[in-house]
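Colleague: Pasting a structure below so you can have a look.
The values are calculated or read from the model by the stated rules, or taken from the named source; none is laboratory data. All of these numbers come straight from a predicted model, not from anything done at the bench. All Cβ positions, glycine included, derive from the backbone under ideal geometry; neighbour counts span all protein chains shown. Side chains included, ligands, DNA and RNA excluded: accessible areas come from the protein's heavy atoms. Shrake-Rupley method; radii C 1.70, N 1.55, O 1.52, S 1.80 Å.
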Amino acid sequence: MSVPVLTVATVPDYIASQPHLAGLVDVSTLDVVEVGDGNLNLVFIVTDATGRSLTLKQSLPYVRMVGESWPLSQDRILAEDRGYRAAVQFSPGSIPEYFGLDEPARTIAMQDLSAWTVWRRALNDGRVHDGVATELGRYVARIGFGTSAFGLDSAALKIAQDNAANPELCKITEDLIFTHPFTDHPDNAWDAALTPDVLSLREGGLVDEAAELKYIFMTRAEALIHGDLHTGSVFVPDESSEETARVFDIEFAFYGPVAFDVGSLFGNILLAEARAAVLERPAEFRLWLAGLRGEVWTAFETELRALWPNRVDPAFTDQFLDRWLAQTFSDAVGFGGLKAIRRIVGLAKASDIQTLDEAPRLEAAQAVLRTARSWVEGRRGFTGTDDLRLS
Ligand code: SR1
Ligand code: MG
C-alpha cells in the first residue's frame, strides 16, 4: 500500500505537522522547491524567510526515471533510514546532519547541502577536491567495522542482519549490474558503434566472473553497506571550505559485501578518468584522478587496522585481517569493473560519459569497457591500486 505523495504545495503543512522538523524552520514562511534529479525519489529543499532550511526526501511508489509502469515499494526509505542511523553511530561526520524518519509518510529529513556540489559534477568539470577519497575510504571502513562481526557480538549481528532486508533494491542491483549488461535485455542501450565491444563482453569467461560476483553480492551478508556508493552519492563543498565530503542516497543499504562499496568507488573513478582522458584535461588533474583509488584503499585499510584492536571477538586474528583485506581488495576490483560496465551498457547511465560528444564518448566508453573487463577477469592477480589505471 502506498502513502500519499507530497507536493510543493503540501510540504509546508506536512512539516508543520512533524514536531521533529517544525522546530528547525519557521513553518509560516516556507519556500519549497522539488530538486530531485536522481532515478527514484522526490527531494524537497525547504527554506524559511530567515534562511534556515532542510532537505526532505520521500520515496515514490514507483521508479521515478521510468514512471508508474515500474512500481517500487516506498519501504526503501526504511532501508535508507537504517543506513543513515548506522552512519550517525559510526561515522557521523561523513553524512549530512540527519533529522530522522517519519515512517507513516515514508520521508526522511536531513541538512540542506544544496549549496554543495555532487562529486560527479565536480569531477566532470575537472575540479580537484582533496581529501574526498580519503573520507569515503574511512566511511566505508567505519560502517563496515561497526556493523559487521568485527564490531557486533554474535547475537547483535544476527538481529541486525534480520532487520536489514531490502529485497526490491537488491534485485535492481542484481539485474542491472550483474545480469542485464551481459544479456539481450530491453533496458540495455549503447551507441551502435559500440556493439562489437558490448557483445564481446559475453564471450570468454567474463559472464562466469559476473556470476561469481553476483553470488557474493547476494550471499555475503557481512555489514550494512551503502549499496550505491558512486560519485553521484557524494556531496563536496566549495573548494575553499575546510570540509571534505558527505555521503547521501543510502536507500540501497543492506547486509552485503563491504567490497561492493569500495568497488563502487573504484569503478566510478574509472568513468571520471575516461572522461578526463578524452577531454585531454591537464596532466596534473588526470594524475590526481588516477590516484584516487589508492587514496580510497589506503584510507579504508588504515581505518580498518586502527579499529581492529576494538573488535569484539579476539578469535579474529591479525593474520585473518590480512587475508580479509586481500579478499576484499580483489572482490572490490571485480565489483568496480562491473559497476563501470553497467553505466555503459545498461539502464541508468552516468553523465561522465553521456554528456560527451559522439567521438570522445565512443573513445571513453571503449576505454571503460576494456579496463573494466581486465579488472573483472584479472581481479585475483592485482596487488594494489596502481595496477588499475585506465588502459
Ligand atoms: C532503476 S534504478 C537505477 C539506478 O539508480 C540508482 O541510483 C542505482 O544506481 C540504480 O542501479
Ligand atoms: Mg542513488
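Colleague: Of all residues being under 30 Å from residue 347 (Cα atoms) and open to solvent by less than 30 Å² (accessible area, probe 1.4 Å) in the stretch 14-43, which is farthest from ligand 2 (Cβ to nearest atom)? Just the residue, please.
Modeller: 42
Colleague: For residue 268, are the conditions met, namely being in contact with a His (Cβ under 7 Å, 6 or more places away or on another chain) and either on the phi < 0 side of the Ramachandran plot or touching a residue at least 24 places away in the same chain (Cβ under 8 Å) (or both)?
Modeller: Answer is yes for this residue.
Colleague: Then there is this: Being touching a residue at least 40 places away in the same chain (Cβ under 8 Å), more than 22 Å from residue 365 (Cβ to Cβ) and aromatic (Phe, Trp, Tyr) is true for just one of 178, 254. Which residue is that?
Modeller: Sole residue among the options that is touching a residue at least 40 places away in the same chain (Cβ under 8 Å), more than 22 Å from residue 365 (Cβ to Cβ) and aromatic (Phe, Trp, Tyr): 254.
The rows are residues; the columns are (1) crowded, with 24+ Cβ neighbours inside 10 Å; (2) aromatic (Phe, Trp, Tyr); (3) closer than 15 Å to residue 142 by Cβ.
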residue: 238; (1), (2), (3): no, no, no
residue: 241; (1), (2), (3): no, no, no
residue: 245; (1), (2), (3): no, no, yes
residue: 259; (1), (2), (3): yes, no, no
residue: 264; (1), (2), (3): yes, no, no
residue: 270; (1), (2), (3): yes, no, no
residue: 275; (1), (2), (3): yes, no, no
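Colleague: Mind listing just one residue for me: the one in the stretch 212-236 that is within 13 Å of ligand 1 (Cβ to nearest atom) and free of Cβ contacts under 8 Å to residues at least 60 places away in the same chain and, of those, least open to solvent (accessible area, probe 1.4 Å)?
Modeller: Residue satisfying both the conditions and the ranking: 233.
Colleague: Which members of the stretch 121-145 meet the condition of being open to solvent by 20 Å² or more (accessible area, probe 1.4 Å) and out of contact with any Phe, Trp or Tyr (no Cβ under 8 Å at 6 or more places or on another chain)?
Modeller: Passing the criteria: 121, 125, 127, 130, 131, 134, 135.
Colleague: Within the stretch 183-211, restricting attention to residues that are without any contact (Cβ under 8 Å) to a residue 60 or more places away in the chain and part of a helix (DSSP H, G or I), which residue is surrounded by the most Cβ atoms within 10 Å (Cβ to Cβ)?
Modeller: 207
Colleague: Now a separate question. Somewhere in the stretch 44-51, is a residue free of Cβ contacts under 8 Å to residues at least 24 places away in the same chain, out of contact with any Gly (no Cβ under 9 Å at 6 or more places or on another chain), surrounded by 12 or more Cβ atoms within 10 Å (Cβ to Cβ) and not small (Gly, Ala, Ser)?
Modeller: Among the residues of the stretch 44-51, at least one is free of Cβ contacts under 8 Å to residues at least 24 places away in the same chain, out of contact with any Gly (no Cβ under 9 Å at 6 or more places or on another chain), surrounded by 12 or more Cβ atoms within 10 Å (Cβ to Cβ) and not small (Gly, Ala, Ser), which makes the answer yes.
Colleague: When you go through (1) out of contact with any Gly (no Cβ under 9 Å at 6 or more places or on another chain); (2) of a type in the set (Asp, Glu); (3) farther than 19 Å from residue 178 by Cα one by one for residue 249, which number turns out not to apply?
Modeller: Unmet condition: (1).
Colleague: Taking the conditions exactly as written (open to solvent by 20 Å² or more (accessible area, probe 1.4 Å), within 16 Å of ligand 1 (Cβ to nearest atom) and part of a loop (DSSP other than H, G, I, E, B)), does residue 69 satisfy them or not?
Modeller: no
Colleague: A further question on this structure: Going through 276, 221 one at a time, which residue ends up being in a helix (DSSP H, G or I) and either out of contact with any Cys (no Cβ under 9 Å at 6 or more places or on another chain) or at pLDDT below 95 (or both)?
Modeller: The unique qualifying residue is 276.
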